[in-house]
Structure formats: C-alpha cells, structure tokens
1. Those residues that are of a type in the set (Ser, Thr, Tyr), touching a strand residue (DSSP E or B) at 6+ places or on another chain (Cβ under 8 Å) and farther than 18 Å from Arg252 by Cβ, I need them from the range 158-216; list them, please.
2. From the list Leu151, Leu138, Leu161, Leu132, which residue is under 13 Å from Leu84 (Cβ atoms) and within 16 Å of the ligand (Cβ to nearest atom)?
3. Identify, please: which residue in the range 1-28 is in contact with a Pro (Cβ under 6 Å, 6 or more places away or on another chain) and open to solvent by 40 Å² or more (accessible area, probe 1.4 Å) and is, among those, nearest to Ile250 (Cα to Cα)?
4. Taking the range 52-70 only, how many residues are farther than 14 Å from Leu114 by Cα and in a loop (DSSP other than H, G, I, E, B)?
5. Take the range 176-227 and flag every residue that is within 12 Å of the ligand (Cβ to nearest atom) and of a type in the set (Phe, Trp, Tyr).
6. Starting from the range 147-160, take each residue that is at positive phi and list its partners that are of a type in the set (Phe, Trp, Tyr) and not in a strand (DSSP E or B), counting only C-beta distances under 6 angstrom and pairs at least six apart or across chains.
7. Keeping to the range 1-18, report how many residues are within 16 Å of the ligand (Cβ to nearest atom), in a loop (DSSP other than H, G, I, E, B) and either out of contact with any Lys or Arg (no Cβ under 8 Å at 6 or more places or on another chain) or modelled with pLDDT under 90 (or both).
8. Tell me whether the range 258-269 contains one or more residues that are open to solvent by 60 Å² or more (accessible area, probe 1.4 Å), at pLDDT below 95 and within 20 Å of Lys19 (Cα to Cα).
Amino acid sequence: MEPWPLGVFASIDAGLGVKLEVAHELAIPTIHLHAPHADTRTPEHAARFLQRLKAFDIRISCVFCGFDGESYADIPTVARTVGLVPTSTRAARTQEMKEISDFARILGVDAIGLHVGCVPHDPTDAEYGRLLVVMRELCDHARKNRQNVHLETGQESADVLLKFLEDTARDNLFINFDPANLILYGVGHPLEDLRKVGRYVRSVHLKDGKWSDKPGVTWGQEVPLGTGDVNIPAYMDVLNEIGYDGPLTIEREIPEQAERQKAEIRNALDLLQREKLRLGRV
Ligand code: MG
C-alpha cells in the first residue's frame with residue numbers, strides 16, 4: 001500500500017465515527033473501526049460487513065474498543081469511567097476486549113486499539129501493578145490472534161506512557177498517537193511527545209484541538225483539523241521524521257451534525273492531500 005493512505009474513524013452500530021457510506025462517498029481507503037455492540041460481533045455479521053467493505057474498497061487498519069459506561073463528559077469523569085483503569089469493571093472489560101480481539105481476527109485486522117484510562121502516574125501505586133497484569137493478559141491474547149495492541153495517547157504524559165509500555169514488556173504493545181488529546185487533556189505537547197514515543201507509534205489520529213485556559217483541569221476544545229493548536233504541517237513533518245508511513249486516520253466525532261461532520265472531513269482530506277504533496281509522500 002502507498003505510504004500514508006488516508007483514513008477516517010468509522011462506526012457500524014456503536015461509537016461516534018462516521019458511517020461506512022460516508023467513508024465510501026469521500027473515497028477514503030482505510031478506517032479505524034469502533035468495535036460494534038456485543039450482539040453484532042458474530043461471524044455472520046462479520047461476513048456481511050466484510051462484503052460491504054469489499055464493495056467499497058475499504059480496509060480496516062485497527063479495531064478500537066469502547067465500553068458501556070464510559071463517559072468523556074469531563075476529565076474527572078474520564079478518570080472514573082474510561083478503559084481498564086476503573087476497578088469495578090476491569091475484569092468484565094478485559095474479557096470484552098479479548099472478545100473484540102477475536103472479532104477483529106475474523107475481520108482480518110491485525111491491530112486493536114484502546115484508551116486504557118488514566119494510568120496511575122506513580123509506578124509504585126498498587127493499581128499500576130494490577131493494570132500491568134491485565135495489559136499483559138490482553139497483549140498475550142492478542143498475540144494468539146496475531147495482533148498488536150495500540151494504546152491511545154492523551155490521558156497521560158509521554159513519559160508515563162513510555163514507562164507503562166516498557167513495564168508491560170510485551171513486544172506487540174504499541175501506540176496510537178492522537179495529538180489533539182494531549183492538548184485537550186492538558187498532559188503534553190504533541191510534537192515533542194511524538195518525537196519521544198515515535199518508535200512505538202503504529203497508528204495515528206488526525207485530530208485538532210485548542211488548549212483549555214486551565215490545562216489538565218478542564219477540557220480543551222476539539223476543533224476542525226488545521227484550525228487548532230496542534231499545528232498540522234509541523235505534526236506531518238514529525239511523522240515524516242520518525243518514519244511513520246501508516247494510515248492518516250481523521251477523527252472528527254460530531255455525529256449529531258452529520259453534514260457539518262462530512263464537510264469538515266472533506267476539508268481535512270484536502271489538507272492532508274496537500275501535506276502529502278508537500279512532503280513528497282504520494
Ligand atoms: Mg483519538
């Protein structure tokens with residue numbers, strides 16, 4: 001496949017990504033797929049879905065896990081509800097992630113992604129150690145399905161994430177780099193952090209955001225690609241510099257405004273096409 005194929009975050013029946021038809025209409029060749037609900041994660045649904053993908057000439061590059069009960073309402077709610085960090089749902093969600101990995105295998109996808117949640121910043125915290133145990137379990141399960149696991153950036157600094165990856169000590173654990181999240185959560189600076197963790201980056205989101213006036217306390221604001229504080233041309237320069245050549249997956253989740261969402265994604269595609277030209281990656 002050509003370097004830097006364009007992509008978009010998409011959904012079937014769960015999650016906030018665009019519908020497959022929108023990706024097709026915009027002639028986007030790759031998607032990150034939000035995992036469908038449990039009752040549609042069957043071989044029959046997978047076969048039908050694969051047929052549609054084939055008809056649309058779209059390839060899934062990563063299946064993202066999401067869970068009932070997660071809320072991104074504000075930063076403290078994320079800490080309480082997202083990923084494998086909340087203890088009351090950890091076992092059930094770990095099991096569900098394994099099922100999503102199995103479903104992704106049926107779809108022929110070799111990467112699963114997730115927001116692990118807010119990893120404790122102190123490695124001597126007992127919860128940190130428990131989280132390592134479930135991450136290893138998940139990586140080992142994914143390995144049986146010949147998959148890598150991609151942790152999405154955003155809820156912790158690059159240093160905490162690097163330490164967590166190294167402590168997990170599994171060679172199929174990598175990073176999905178989302179530059180906007182670092183700004184929205186107020187935990188880092190996209191360009192610096194991308195250089196720091198670049199050797200682990202196997203997928204990326206193209207998303208933009210503006211800093212909150214109280215970084216880390218209140219949310220920043222997610223905005224159309226190229227209009228925020230990420231500095232997309234500079235981000236593309238660093239992706240080029242670290243040798244990343246996987247899909248450029250646009251993430252813009254405003255499904256309540258489908259027409260606006262489509263128009264913004266179209267603009268984002270134009271922007272990325274220009275960047276690919278500028279960097280000679282076409
Ligand atoms: Mg993202």
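The values are calculated or read from the model by the stated rules, or taken from the named source; none is laboratory data. Computed from a predicted structure; not experimentally measured. Cβ atoms come from the backbone with ideal geometry, glycine included; neighbour counts cover every protein chain shown. The accessibility values were calculated without ligands, DNA or RNA, using every heavy atom of the protein model including side chains. Shrake-Rupley method; radii C 1.70, N 1.55, O 1.52, S 1.80 Å.
1. Applying the first criterion (of a type in the set (Ser, Thr, Tyr)) to the range 158-216 yields 168, 185, 200, 203, 212.
Next cut, touching a strand residue (DSSP E or B) at 6+ places or on another chain (Cβ under 8 Å) only: 200, 203, 212.
Listed by number, the residues that qualify are Tyr200, Ser212.
2. Numbers: Leu138 fails: within 16 Å of the ligand (Cβ to nearest atom); Leu161 fails: under 13 Å from Leu84 (Cβ atoms); Leu132 fails: within 16 Å of the ligand (Cβ to nearest atom).
Leu151 is the lone residue from the list that is under 13 Å from Leu84 (Cβ atoms) and within 16 Å of the ligand (Cβ to nearest atom).
3. Of the residues in the range 1-28, the ones in contact with a Pro (Cβ under 6 Å, 6 or more places away or on another chain) are 5, 7, 12-14, 16.
Within this subset, residues satisfying the condition of being open to solvent by 40 Å² or more (accessible area, probe 1.4 Å) are 12-13, 16.
Values: Ile12: 17, Asp13: 19, Leu16: 13 Å.
That would be Leu16.
4. Going through the range 52-70, the residues farther than 14 Å from Leu114 by Cα turn out to be 52-60, 69.
Narrowing the set further to residues that are in a loop (DSSP other than H, G, I, E, B) leaves 57-58, 69.
Result for the range 52-70: 3.
5. Passing the criteria: Phe177, Tyr185.
6. Between residues of the range 147-160 that are at positive phi and residues that are of a type in the set (Phe, Trp, Tyr) and not in a strand (DSSP E or B), the close pairs are Gly154/Tyr185.
7. Qualifying residue count, the range 1-18: 4.
8. Of all residues in the range 258-269, those open to solvent by 60 Å² or more (accessible area, probe 1.4 Å) come to 259-260, 266-267.
Retained after the next criterion (residues that are at pLDDT below 95): 259-260.
In the following step, the residues that additionally are within 20 Å of Lys19 (Cα to Cα) were identified as 259-260.
Yes, the range 258-269 has at least one match.
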